[in-house]
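Right, one structure below, let's go through it.
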Amino acid sequence: MVATNNNLTNVGAAALGYARRGWRVLPLWWPAKGGCACGGGCGNPAKHPMAKLAPRGVYSATIDPAVLRRWWRTAPWANVGVATGGGSGLLVVDVDPRSGGALERLPGPVPTTPTVRTGGGGWHLYLAWPEGVTRLPQALPGCPGVDLKGPGGYVVAPPSRHLSGRAYEWLVPPDVPLAPPPAWLLEAIRPSPRPAWQPLPGSGGAHGTPYGRAALRQELARLAHTPVGNRNNALNRAAFALGRLVAASHLDEGTVVGLLTSLGYQIGLGGRETEKTTQSGLTAGLREV
Ligand SMILES: [Zn+2]
C-alpha cells in the first residue's frame with residue numbers, strides 16, 4: 001500500500017477521489033490469507049460492506065470526506081465500494097465472463113466512458129444515470145452475464161483487490177466524462193411509458209406476490225393521502241412495512257424503491273429527503289425479519 005500525503009492508503013485516497021466526483025462510497029471487506037478479512041466464512045468474500053463502519057450497508061455510503069478519512073484510517077486496507085443509482089449519478093453495466101458476459105456480445109456499441117477491468121476478469125462500464133429512471137432490471141434482458149447496477153446497488157472499485165489477488169483497474173480512467181446510456185441500454189431499461197404514479201390499476205407492476213402487491217397498493221394510497229407535516233414519517237413507516245415484505249420475498253426491492261421515491265417527489269418531499277427516508281425505512285424493515 002502506498003501512503004499518500006493524507007496518510008491514507010491508495011484505496012483510501014481513491015475513495016476520497018471518487019467522493020469528489022459525487023460518487024457515494026462505502027468500505028468493503030478485503031482479501032486476506034486466501035479468504036475474506038471478515039474472517040466469518042462469508043458468502044461474498046472481499047466484496048461485502050463492513051457493517052461496523054457502514055451499518056446500513058450501501059445506504060451508509062457517503063461523499064463526506066471526514067467520514068471517509070475516518071473509515072480508511074480505521075480500516076486502511078478496506079476495499080472501496082461505489083454506490084450506484086441516482087444518488088451517485090451512476091448506472092454501471094457489470095459484464096461477467098464467468099456467467100457468459102462479453103463486451104462484444106452486448107446488444108450495441110460500447111461508448112467511451114470510465115471502464116474498469118474487475119479483479120474477477122470482467123468489466124464495469126460507468127455511465128451517467130439517466131434522468132427520470134427510478135428503477136432498473138437487475139440483468140440486461142437477453143444478455144447472459146450482464147447485470148445492471150442502480151439504486152440500492154454498488155460496485156467494487158479500483159484499486160480494490162479481488163479474492164484472486166488481482167486489483168480492480170481503470171481501463172478508461174474516471175476523469176473521462178461519463179457517457180449517457182447508449183440507445184440499446186435505454187431501450188432495455190425504460191418501462192413502457194405511463195405516468196409516474198397512478199393510484200390504481202395494479203400499481204406495483206408485475207413483480208411480487210398478490211399479497212405483496214395488495215400491501216404495496218395500500219401503503220402507497222395511505223401515503224398519498226397523508227397530510228403535509230406527517231409525510232416524511234409516513235414514508236418512513238411505509239418503507240419499513242414494505243421492507244419486511246421485500247425480506248419475505250412478497251415484493252422486489254427495486255419496485256418498492258422506485259414507487260416510494262416517485263411518490264415521495266409527487267407529494268412534495270425533497271429528492272434527498274425522499275431517498276434518505278425510503279432507504280433508511282427499507283433497510284430497517286429488511287433487518288426486522
Ligand atoms: Zn467476508
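Across the chain, the relative contact order, built from alpha-carbon pairs under 8 Å that are at least six residues apart, equals 16 percent. Residues whose amide H falls under 5 Å from that of residue 145, counting only those 5 or more places apart or on a different chain, are absent, with hydrogens built in the peptide plane. As a length-normalised measure over Cα pairs under 8 Å and 6 or more apart, the relative contact order of the range 1-159 settles at 25 percent.
Starting from the Cα-Cα distance between residue 105 and residue 7, subtract it from 0.36 nm times their residue separation and give me the gain in nm to one decimal. Difference between extended and current length: 31.0 nm.
When Rg and the Kirkwood Rh are both derived from Cα coordinates, the Rg/Rh ratio for the range 210-288 amounts to 0.93. For residue 120, no residue 5 or more places off, or on another chain, has a built amide H under 5 Å of its own.
Between residue 176 and residue 214, the contour length at 0.36 nm per residue exceeds the Cα-Cα span by 9.1 nm.
Using label points projected 7 Å from each Cα along Cα→Cβ, tell me how many nm separate residue 288 and residue 273, to one decimal. About 2.3 nm, to one decimal. Taking each DSSP H run with n ≥ 4 as -39500 (n - 2.57) and averaging over every residue of the chain yields -10000 deg cm²/dmol at 222 nm.
Taking other C-beta atoms within 10 angstrom as a stand-in for reagent exposure, 29, 77 fall in the order 77, 29, fewest first.
Going from the residue with the fewest nearby Cβ atoms within 10 Å to the one with the most, 282, 148 rank 148, 282. Karplus-derived 3J(HN,Hα) values for the range 110-127, using 6.51 cos²θ - 1.76 cosθ + 1.60 with θ = phi - 60°, are 8, x, 6, 7, x, 9, 10, 8, 7, x, x, x, x, 9, 10, 9, 8, 10 Hz; glycine and proline are entered as x.
Sequence-ordered 3J(HN,Hα) estimates for the range 246-257 from the Karplus curve with 6.51, -1.76 and 1.60 and θ = phi - 60° stand at 5, 4, 8, 6, 7, 9, 9, 4, x, 4, 5, 4 Hz, glycine and proline given as x. On a 0 to 90° scale, report how tilted helix 271-288 is relative to the longest principal axis of the chain, with both axes built from alpha carbons and the result rounded to the nearest 10. Tilt of helix 271-288: around 90 degrees.
Build a GNM of the chain with springs between Cα atoms under 10 Å apart, and of 131, 169, 275 the one that fluctuates most is 131. Full extension of the segment from residue 167 to residue 66, taken as 0.36 nm per residue of separation minus the current Cα-Cα distance, would add 33.8 nm. Karplus-derived 3J(HN,Hα) values for the range 29-34, using 6.51 cos²θ - 1.76 cosθ + 1.60 with θ = phi - 60°, are 5, 10, x, 8, 6, x Hz; glycine and proline are entered as x. Note that the range 10-189 shows a convex hull volume over its alpha carbon atoms of 109 Å³ per residue.
Where a number appears in this text, it was derived from the coordinates with a stated rule and is not lab data. Keep in mind it's a predicted model, so treat the numbers as computed, not measured. No Cβ is skipped: glycine too gets one built from the backbone with ideal geometry, and neighbour counts run over all protein chains shown.
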